[in-house]
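Asker: This is the structure I have questions about; it appears just below.
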Amino acid sequence: MRYLASTERGGGVTDYRAVDDTIEVSASGFGGGLVAGMNLAATGRYLTNLTGEANAALGQFTFETDARILWWDADETGAGAHVAIATFIGLTRLAASELVVIAQAEASGGTGPAEC
């Protein structure tokens, strides 16, 4: 799956499998200090919790474990509210390594992910 911006939402994802799939996010489309190739876990930009809330004043992805929603928050300061990127039906865990930050990609022109 490829998400070019936080405005592209995938809705309910039913067929995601970590062994077969990767979630690509565009650094230029999401902003929040993302850089292509960065390690989201090592830089504090990925966390899992029960609320989906970010916990630092930087761009963070959060996997809400009970609702299985992947959230994005560009700054955690309230200037831009966190947004739901996708709900993963049947998925019990999502690791930071399953998200890959890419530089940019061509716009899909829609409201869903550019590719799945």
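The values are calculated or read from the model by the stated rules, or taken from the named source; none is laboratory data. Remember, it's a predicted structure, so these values are computed and weren't measured experimentally. Heads up, the Cβs are rebuilt from the backbone with ideal geometry, glycines too, and the neighbour counts pull from every protein chain shown.
Asker: Residue under question is Ser97, and the condition is that it be hydroxyl-bearing (Ser, Thr, Tyr), part of a loop (DSSP other than H, G, I, E, B) and either modelled with pLDDT under 95 or surrounded by fewer than 18 Cβ atoms within 10 Å (Cβ to Cβ) (or both); does it hold?
Answerer: For Ser97, the condition - hydroxyl-bearing (Ser, Thr, Tyr), part of a loop (DSSP other than H, G, I, E, B) and either modelled with pLDDT under 95 or surrounded by fewer than 18 Cβ atoms within 10 Å (Cβ to Cβ) (or both) - is not met.
Asker: Can you name the number of the only condition in (1) in contact with a Ser or Thr (Cβ under 9 Å, 6 or more places away or on another chain); (2) buried (at least 16 other Cβ atoms within 10 Å of the Cβ); (3) not in a strand (DSSP E or B) that Tyr16 fails?
Answerer: Only one criterion in (1) in contact with a Ser or Thr (Cβ under 9 Å, 6 or more places away or on another chain); (2) buried (at least 16 other Cβ atoms within 10 Å of the Cβ); (3) not in a strand (DSSP E or B) is unmet by Tyr16, namely (1).
Asker: Tell me whether region 45-66 contains one or more residues that are touching a strand residue (DSSP E or B) at 6+ places or on another chain (Cβ under 7 Å) and within 15 Å of Glu8 (Cα to Cα).
Answerer: Yes.
Asker: While we're here: Which pairs do you get when a residue that is in contact (Cβ under 8 Å) with a residue 24 or more places away in the chain and over 18 Å from Ala42 (Cα atoms), found in region 92-104, comes within reach of a residue that is basic (Lys, Arg) and in a loop (DSSP other than H, G, I, E, B), reach meaning Cβ atoms under 9 angstrom, with the pair 6+ apart or on two chains?
Answerer: So the pair list comes out as Thr92/Arg68.
Asker: Of Thr65, Thr87, Thr51, which residue is exposed (fewer than 15 other Cβ atoms within 10 Å of the Cβ), among the polar types (S, T, N, Q) and at negative phi?
Answerer: Thr51
Asker: Filter region 30-46 for residues that are small (Gly, Ala, Ser), under 14 Å from Phe61 (Cα atoms) and touching a residue at least 24 places away in the same chain (Cβ under 8 Å) and give the result.
Answerer: The answer is Gly31, Gly32, Gly33, Ala41.
Asker: With the checklist (1) assigned to a loop (DSSP other than H, G, I, E, B); (2) surrounded by 14 or more Cβ atoms within 10 Å (Cβ to Cβ) in hand, flag the one item Gly29 doesn't pass.
Answerer: Condition (1) is where Gly29 drops out.
Asker: Something else about it: Would you point out which residue out of Ala81, Ala57 is under 16 Å from Ala5 (Cβ atoms), in a loop (DSSP other than H, G, I, E, B) and without any contact (Cβ under 8 Å) to a residue 40 or more places away in the chain?
Answerer: Just one listed residue meets the conditions, Ala81.
Asker: Next up: Scan region 8-20 and report the pairs whose first residue is closer than 14 Å to Arg68 by Cβ and at pLDDT below 85 and whose second residue is in a loop (DSSP other than H, G, I, E, B) and not aliphatic (A, V, I, L, M), with Cβ atoms within less than 6 Å and a gap of 6+ or a chain change.
Answerer: Filtered contacts from region 8-20: Gly10/Gly112; Gly10/Pro113.
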